[in-house]
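**Q** Here it is, the structure, as structure tokens.
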2 protein chains.
Amino acid sequence: MEISPLQKERLQYQPKLPGMLRGGIANISVQEGEETQSVADQEKIKSLFPLTYGKREITFVKGQNTAPAKKQVVGVILSGGQAPGGHNVICGLYDALKAANKDNVLLGFKGGPSGLTDDKFVELDDAFINAYRNTGGFDIIGSGRTKIETPEQFAAAEATAKRHGLTAVVIIGGDDSNTNAAVLAEYFAAHKSGVQVIGCPKTIDGDLKNDDIECSFGFDTATKTYSELIGNIERDANSAKKYWHFIKVMGRSASHVALECALETQPNICLIGEEVAAKKMSLSQIADQIADSVVARSKTEGNFGVVIVPEGIVEFVPEFGTLISEINELLAGEKTAEFNALPTWEDKKAYIKKGLTEASWNVFDILPENIQQQLFLERDPHGNVQVSLIESEKLFSQMVAKKLEERRAKGEYNGKFSAQHHFFGYEGRCAFPSNFDADYCYSLGYNACMLIQYGYTGYLSKISNLSKPADQWVAGGMPITKMMNMERRNGEDKPVIRKALVDLDGKPFQYFAAHRAKWAVETDYLYPGAIQYYGPSDVCDLTTRTLALEKGE
Amino acid sequence: MEISPLQKERLQYQPKLPGMLRGGIANISVQEGEETQSVADQEKIKSLFPLTYGKREITFVKGQNTAPAKKQVVGVILSGGQAPGGHNVICGLYDALKAANKDNVLLGFKGGPSGLTDDKFVELDDAFINAYRNTGGFDIIGSGRTKIETPEQFAAAEATAKRHGLTAVVIIGGDDSNTNAAVLAEYFAAHKSGVQVIGCPKTIDGDLKNDDIECSFGFDTATKTYSELIGNIERDANSAKKYWHFIKVMGRSASHVALECALETQPNICLIGEEVAAKKMSLSQIADQIADSVVARSKTEGNFGVVIVPEGIVEFVPEFGTLISEINELLAGEKTAEFNALPTWEDKKAYIKKGLTEASWNVFDILPENIQQQLFLERDPHGNVQVSLIESEKLFSQMVAKKLEERRAKGEYNGKFSAQHHFFGYEGRCAFPSNFDADYCYSLGYNACMLIQYGYTGYLSKISNLSKPADQWVAGGMPITKMMNMERRNGEDKPVIRKALVDLDGKPFQYFAAHRAKWAVETDYLYPGAIQYYGPSDVCDLTTRTLALEKGE
């Protein structure tokens, strides 16, 4: 198979391990720490995870390996959306397993968790693994979004485990997938099936993060890729001086990606969903905030600028959420047909006006017509508005254009406003992992093997001190139940890993908040450029600004 | 001003010059070659350029510099759309000027050619230049699209030149801008104003290319940036196996960018405008070609794939061109108001059906409704359809979806088809120039200074043998008139540089044509990854596949 020059060279890269994992498997000893408690709802979580709850946090140190000798047959699963570095988790796991005992076996279950229930697998060997080292993508074994939830699925997973004599399963996934890993660990423990389960924290969204997990893998590479593009667009804007670029970036439930990109590129405006929610901002207020920047810049810098919009932004706007609920209600059941039968858009609008509260009508009324139509015409099989399809970058640019015309009429604005739109998501999820993600992921996988060897289950592979060079990283493990609380999901209380939203009191947001007034008016763009895998260390080994700021660096 | 780590390091990069320019200004001698002829319409071009026509091609060699000693006051202009490396042309020019005589002066005229006519300039010095070395963008002095065409503009340019005592002007631009450079050179010669004019070949589109100019600068970096993203998306598609990605890339009048990206990434489908025109393909045929790939892959590889669409594709489809002309005719003058007054889209459609020929109606009729509406609702100030606004990537995905449903009904297709859309243009025009573009551009600027010193005017700075390492590059100059012919522009015969379209008999297209049947069915994706500025030479110094294939490598 033909491969690119970069891929060829990257296959040779040797990822860096934390110092304490560098002495060879025989020289890795374990240190147990405190017993743990879940972050909330301790009694409830404990009752749901009687066998895996409350275990001790653990750290690896240099010293004689005291793990029992045992042949391992491990299954590995990629779960959910792609994130750069997934292949390296598998490579690190494979290398550690083979270094521990060349007869150890690693099976890759294909297409996500359903690979385990349906027993679709491939046995990974040197030739297979070597073709995927330090590459992006999840194509090594594919991924999927199935959850193992029903009694039949659990039984099927157990049957597969038995068939192969599995000693452990490693699940590489986000918060939901690792919640599922904890549930599976408890199930296997309860059934005495002798199968351990270890999770690894993956997601480009950056929302699997807590006191123990400093960051999820993939966030570094994905945000660097988006920041490369945003920086290039900023430089284009600053050269041509004729467009405002509205750039939407992935991240529906949290705005970490947008915030990191803003710290990397210093755009004129970056919306943060968590702030919008906390301040109960309206769409109109957001549009005004952008329009203020456009007006100010038109007088000094010119008619150009860059706005970063997180994918999920409208879901954070309280009045918009209310509007969506009312629309879903308005068209529930048979009312959809009644609505669809109305001959013209004007008729439909009258119907809508009658059906909405005055407050929601006022929100609806200020939306551009194409967005209004989108809300009513494109609905999911349950008849609900598909909020994810709303082109929020266009929504805001159109609202800003309207605001500017109002200001022009009042003599407050005399510029030109022309917008371009972009959406970056798929562009970064499968990039070659940065050195940071390549090292971090390899370490997560290698470390997962150590957790397996020492007999832990229901643990998340944990590498910390990540803002320092890799030799100072700390390897260990943390019970997944420690990160859990009870949350309402689809009308039921469920134990889940608490999702990390952008902390408005945290240093990354505070840094942004302290600088954005200046960025909104001046042209303070930063141009990060493409991810570098070679060259000076400050260019190719630095991780995110988010992590550096969180660590006070 | 805060700058990124990569920018900081790139400021230190020393671009490579062609071997014969490496010995210092005092050791660069000139060799005159043959007298030249324009590529067509020789008599006509000669009559329009009596003083600058027919000059000799020239090459620089190592040897004693015999140029007359003269203080140079040079103006430089960036013209047209951004391309990576523009800053380096200016840096090379500056370094050569200062190396020749520290009293030489370089003025940057701001915002494009209008900077010269309006006398808006900045004197470039070490501190200024050093902040822009090896960076992307045209923000050093800005760019613009004004042409110097009217007697008033020529007089204003001459007055500015006189005011500053300019000895030469360097125009960095595409085919139109260099045509303009030739006209200005002739004007200054006719007016004995003592100002030489030198052009430098810029455009990411790759369509300023001929027997003398192997490639325009910026094409390498821009296509590498787009290919990075396309490769990442391919890997995502191949991991998730659930989407067909339709990716539009910049390039309206030629499909070089799409072709180069296809050679770099081996997508399932890449449309080439020149082939569509040559084969007089219909929209329906194009959609069928894509649908064939979707159907074949659904049976073996899965329901995913990648299609590259050049921005200008619909303009190459003969039947579509006819349709556009008829629509423009249909709505000319007062008929727009008549049309707009029709109350519903159905009424409008009836009006359209009556006004179009049957053939054009049939083309119109197969278009998705949103595209149909776009053709009628979004028109330029002259009432013409804005072809550039047509979202061709969506047009084709929607047409393919329809074709697939027809095939499903016939039992020929049983897959799922879900599409994602992307457009890459602004993302690549201002990237940090690749080592190739950094070296090439610096050499073009350095070489332009040598052409000035030796007294040439109406020449394009020419660096050739570009597929070899820089020390083997050949520096020289070519009269711009040699590249010209007469073409019809806005109802007038004009002398212009002949635009290079994709040569369907050329090696790059032939390579693509020889492999695409396999790529359409299999998953042969290549993942080029991000541009590397450091590291192994095969990763960071290779130029385009297009150039390598053209040179038989």
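The values are calculated or read from the model by the stated rules, or taken from the named source; none is laboratory data. Since the structure is predicted, the reported quantities are computational estimates derived from the model, not experimental observations. Cβ atoms come from the backbone with ideal geometry, glycine included; neighbour counts cover every protein chain shown. Surface accessibility is based on the protein's heavy atoms, side chains included, excluding ligands, DNA and RNA. Shrake-Rupley method; radii C 1.70, N 1.55, O 1.52, S 1.80 Å.
**Q** For the range A:167-177, which positions are in contact with a helix residue (DSSP H, G or I) (Cβ under 9 Å, 6 or more places away or on another chain) and farther than 13 Å from A:V76 by Cα?
**A** Across the range A:167-177, the qualifying residue is only A:D175.
**Q** Filter the range A:252-310 down to the residues that are of a type in the set (S, T, N, Q), open to solvent by 30 Å² or more (accessible area, probe 1.4 Å) and under 21 Å from the mean Cα position of the chain (by Cα) and list them by number.
**A** A:S253
**Q** Check whether at least one residue in the range A:39-51 is within 20 Å of A:I463 (Cα to Cα) and in contact (Cβ under 8 Å) with a residue 60 or more places away in the chain, and report yes or no.
**A** yes
**Q** Within the range B:526-545, track down each residue that is modelled with pLDDT of 95 or more and touching a Gly at 6+ places or on another chain (Cβ under 7 Å).
**A** B:L526, B:Y527, B:P528, B:G529, B:Y533, B:Y534
Okay, residues lined up against (1) under 23 Å from A:T523 (Cβ atoms); (2) within 14 Å of another protein chain (Cβ to nearest Cβ):
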| residue | (1), (2) |
| --- | --- |
| A:N210 | no, no |
| A:T223 | yes, yes |
| A:S253 | no, no |
| A:C270 | yes, no |
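**Q** Report yes if some residue within the range A:64-75 is within 14 Å of chain B (Cβ to nearest Cβ) and open to solvent by less than 20 Å² (accessible area, probe 1.4 Å); otherwise report no.
**A** Checking the range A:64-75: not a single residue is within 14 Å of chain B (Cβ to nearest Cβ) and open to solvent by less than 20 Å² (accessible area, probe 1.4 Å).
**Q** As an exercise: evaluate A:G81 against (1) small (G, A, S); (2) touching a residue at least 40 places away in the same chain (Cβ under 8 Å); (3) open to solvent by less than 10 Å² (accessible area, probe 1.4 Å) and give the number of the one condition it does not meet.
**A** The number of the failed condition is (3).
**Q** Here's something else I'd like to know. Answer with yes or no whether A:L208 is part of a loop (DSSP other than H, G, I, E, B) and open to solvent by less than 10 Å² (accessible area, probe 1.4 Å).
**A** yes
**Q** For the range A:403-418: of the residues being surrounded by 16 or more Cβ atoms within 10 Å (Cβ to Cβ) and part of a helix (DSSP H, G or I), which is farthest from the other protein chains (Cβ to nearest Cβ)?
**A** So the residue we want is A:R407.
**Q** Another question, if that's okay. If I filter the range A:529-543 for residues that are of a type in the set (V, I, T) and more than 30 Å from A:T135 (Cα to Cα), do I get at least one hit?
**A** Within the range A:529-543, not a single residue is of a type in the set (V, I, T) and more than 30 Å from A:T135 (Cα to Cα).
**Q** Among what's in the range B:435-468 and is among the small types (G, A, S) and within 18 Å of B:C200 (Cα to Cα), pick the residue that is farthest from the other protein chains (Cβ to nearest Cβ).
**A** By that ranking, first place goes to B:G455.
**Q** Okay, next question. Which one of these does B:Q386 not meet: (1) closer than 30 Å to B:I366 by Cα; (2) surrounded by 17 or more Cβ atoms within 10 Å (Cβ to Cβ)?
**A** (2)
**Q** Tally the residues that are in contact (Cβ under 8 Å) with a residue 24 or more places away in the chain and open to solvent by less than 10 Å² (accessible area, probe 1.4 Å), restricting the search to the range B:236-251.
**A** 7
**Q** Just checking, how many residues over the range A:119-139 are more than 14 Å from chain B (Cβ to nearest Cβ) and open to solvent by 10 Å² or more (accessible area, probe 1.4 Å)?
**A** Within the range A:119-139, residues that are more than 14 Å from chain B (Cβ to nearest Cβ) and open to solvent by 10 Å² or more (accessible area, probe 1.4 Å) number 9.
**Q** Could I ask something else about it? Please work out which residue is farthest from B:A258 (Cα to Cα), limiting yourself to the range B:323-354 and to residues that are open to solvent by 40 Å² or more (accessible area, probe 1.4 Å) and touching a helix residue (DSSP H, G or I) at 6+ places or on another chain (Cβ under 6 Å).
**A** B:L342
**Q** Could we say that B:I45 is in a helix (DSSP H, G or I), more than 14 Å from chain A (Cβ to nearest Cβ), open to solvent by less than 20 Å² (accessible area, probe 1.4 Å) and under 30 Å from B:E487 (Cβ atoms) here?
**A** The answer is yes for B:I45.
**Q** Could you say whether any residue in the range B:140-150 is away from chain A (no Cβ under 14 Å) and within 22 Å of the chain's Cα centre (by Cα)?
**A** Checking the range B:140-150: at least one residue is away from chain A (no Cβ under 14 Å) and within 22 Å of the chain's Cα centre (by Cα).
**Q** Can you name the residue in the range A:356-368 that is in contact with a Lys or Arg (Cβ under 9 Å, 6 or more places away or on another chain) and open to solvent by 40 Å² or more (accessible area, probe 1.4 Å) and is also modelled with the lowest pLDDT among such residues?
**A** A:I366
**Q** Against the definition (modelled with pLDDT of 95 or more, farther than 20 Å from A:G136 by Cα and within 14 Å of another protein chain (Cβ to nearest Cβ)), how does B:T523 come out, yes or no?
**A** It is false that B:T523 is modelled with pLDDT of 95 or more, farther than 20 Å from A:G136 by Cα and within 14 Å of another protein chain (Cβ to nearest Cβ).
**Q** While we're looking at this one, here's another question. Anything in the range B:230-244 that is within 7 Å of another protein chain (Cβ to nearest Cβ) and assigned to a strand (DSSP E or B)? List them, or say none.
**A** none
**Q** Out of the residues in the range A:211-223 that are in contact with a helix residue (DSSP H, G or I) (Cβ under 8 Å, 6 or more places away or on another chain) and assigned to a loop (DSSP other than H, G, I, E, B), which is farthest from A:A254 (Cα to Cα)?
**A** Going through the qualifying residues, I end up with A:D212.
**Q** Answer with yes or no whether A:G506 is open to solvent by less than 40 Å² (accessible area, probe 1.4 Å) and out of contact with any strand residue (DSSP E or B) (no Cβ under 8 Å at 6 or more places or on another chain).
**A** Yes, satisfied.
**Q** When the residues of the range A:1-25 are narrowed to those that are open to solvent by 70 Å² or more (accessible area, probe 1.4 Å), farther than 20 Å from B:I230 by Cα and not charged (D, E, K, R), which ends up nearest to the other protein chains (Cβ to nearest Cβ)?
**A** If we take residues in the range A:1-25 being open to solvent by 70 Å² or more (accessible area, probe 1.4 Å), farther than 20 Å from B:I230 by Cα and not charged (D, E, K, R), then A:Q12 is nearest to the other protein chains (Cβ to nearest Cβ).
**Q** Can you find, within the range A:512-523, the residue that is farthest from A:A548 (Cα to Cα) among those that are touching a residue at least 24 places away in the same chain (Cβ under 8 Å) and surrounded by fewer than 17 Cβ atoms within 10 Å (Cβ to Cβ)?
**A** A:E522
**Q** Out of the range A:48-63, which residues are open to solvent by 20 Å² or more (accessible area, probe 1.4 Å), part of a loop (DSSP other than H, G, I, E, B) and more than 22 Å from A:N447 (Cα to Cα)?
**A** Answer for the range A:48-63, where residues must be open to solvent by 20 Å² or more (accessible area, probe 1.4 Å), part of a loop (DSSP other than H, G, I, E, B) and more than 22 Å from A:N447 (Cα to Cα): A:P50, A:L51.
**Q** Show the residue pairs that are 6+ apart or on different chains and have beta-carbon atoms under 8 Å apart, the first residue being within the range B:336-353 and under 19 Å from A:T344 (Cα atoms), the second being among the hydroxyl-bearing types (S, T, Y).
**A** B:F339/B:Y351; B:L342/B:Y351; B:T344/A:T344
**Q** Here's something else I'd like to know. Checking A:H421 against (1) more than 30 Å from A:N27 (Cβ to Cβ); (2) part of a strand (DSSP E or B); (3) away from chain B (no Cβ under 14 Å), only one condition comes out false. Which one?
**A** Going through the list (1) more than 30 Å from A:N27 (Cβ to Cβ); (2) part of a strand (DSSP E or B); (3) away from chain B (no Cβ under 14 Å), A:H421 breaks only (3).
**Q** Here's another thing I want to ask about it. Between residues in the range A:170-191 that are closer than 17 Å to A:A156 by Cα and residues that are assigned to a helix (DSSP H, G or I) and open to solvent by 10 Å² or more (accessible area, probe 1.4 Å), which pairs lie under 8 Å by C-beta distance while being six or more apart or on different chains?
**A** A:I171/A:S177; A:I171/A:N180; A:L184/A:F154; A:E186/A:L48; A:Y187/A:F154; A:Y187/A:E158; A:F188/A:E158; A:H191/A:E158
**Q** Okay, moving on. Need the failing condition index for A:E492 against (1) surrounded by fewer than 14 Cβ atoms within 10 Å (Cβ to Cβ); (2) touching a Leu at 6+ places or on another chain (Cβ under 9 Å); (3) not polar (S, T, N, Q), just the number.
**A** For A:E492, the exception is condition (2).
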